[in-house]
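The next block holds one structure in the form of structure tokens; read it before the comments.
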Amino acid sequence: MEAPSSICRVLGFVALLGGCDRVFGLEPVVARDGSTGSDADGGTGLCFEPRVQITGVTGFDPTLSADKRELIFVDKPNGDYDLFIATRDDAQASTPFANETAITQFNTTFDETDASLTEDGLVVVFKSNRSGAARAYQSERANRAVAFLTPVMVPGLESTAINGLDISPDGLTLYFDDNVSFAAAKRTSRAAPFGNIQRFSLDHAAYPSVSPDGLELYYNAAGIVRRTRASTSDPFDGGTAAVVDDGGSDADLTSDGSTLIFRGGTTFFTRERCH
């Protein structure tokens, strides 16, 4: 939910060539025609169709359910950031979202942002600074027809600073940026605490989203940037990053890897993978 710095905005094209990405200690970013049309990254598999605007809601930090009928996002109606949910009757990109509702059991007078859903939609994680520092919180529900329970701090990560986070489709891996490095924590079941933290040599990944197979990373840096790795034991900092959408931010990849949802300003967009 963080906009590029004023320096990045002034630099524009220069930022895409690496000026702002260097803040993250990475290699220069290769600019792509991400915001205007289909886009292929030299045969590496990066190809998304043009933007489609989501109608009916606006805000920040969108995350889309696997069936694309449920949207959790952030808005700021009372001076602090709160989490909201909206729904629609089908998965068609042209169908507007409606029934926007504040998730009151999540929201406080502090900031709640950056939600991420498991594939079945029964577990959500998000970050909140209600404890005085940004931490990861988790909530569950028995099925999609009932409300989420009161959230608790994510077990095993109670003392871990959270700048951004993303949960795997099965709910057993939590990717996060803790202002020190990009990292992943694992657990053996949804009832178990997270542990076994793996730190990557990538310095930071603001508002990260990782593909279902764990091989693609999307994050904020002068637009939406994508990096890849050959296996889940490798770091993400090898090779060259590619800008997927130079005007977008707060990207979230759906749990089947088919759709990228993100914001441009306070408007939400999706981009489908090329078929």
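Hey, what do the phi angles of the range 252-257 turn into as Karplus ³J(HN,Hα) couplings, whole Hz, using 6.51/-1.76/1.60 and θ = phi - 60°, x for Gly and Pro?
Once rounded to whole Hz, the list reads 9, 8, 4, 5, 9, x.
Tell me, His275, His204 in order of fewest to most beta-carbon neighbours within 10 Å?
Ordered by Cβ neighbours within 10 Å, fewest first: His275, His204.
For the range 55-122 and the range 235-271, what is the separation of their Cα centres, given in Å?
Each part's Cα centre sits 17 Å from the other's.
Can you list the HN-Hα couplings for the range 49-55, worked out from phi with the Karplus curve (6.51, -1.76, 1.60; θ = phi - 60°), rounded to whole Hz and with x for Gly and Pro?
6, x, 4, 10, 6, 8, 10
Hey, could you pull the Cα Rg and Dmax for the range 117-237, both in Å?
Final numbers for Rg and Dmax: 14.0, 41 Å.
FYI, it's all coordinate maths here, none of it is from the lab. Computed from a predicted model, the values in this text were never measured in an experiment. Positions of Cβ are backbone-derived with ideal geometry, glycine not excepted, and every protein chain shown enters the neighbour counts.
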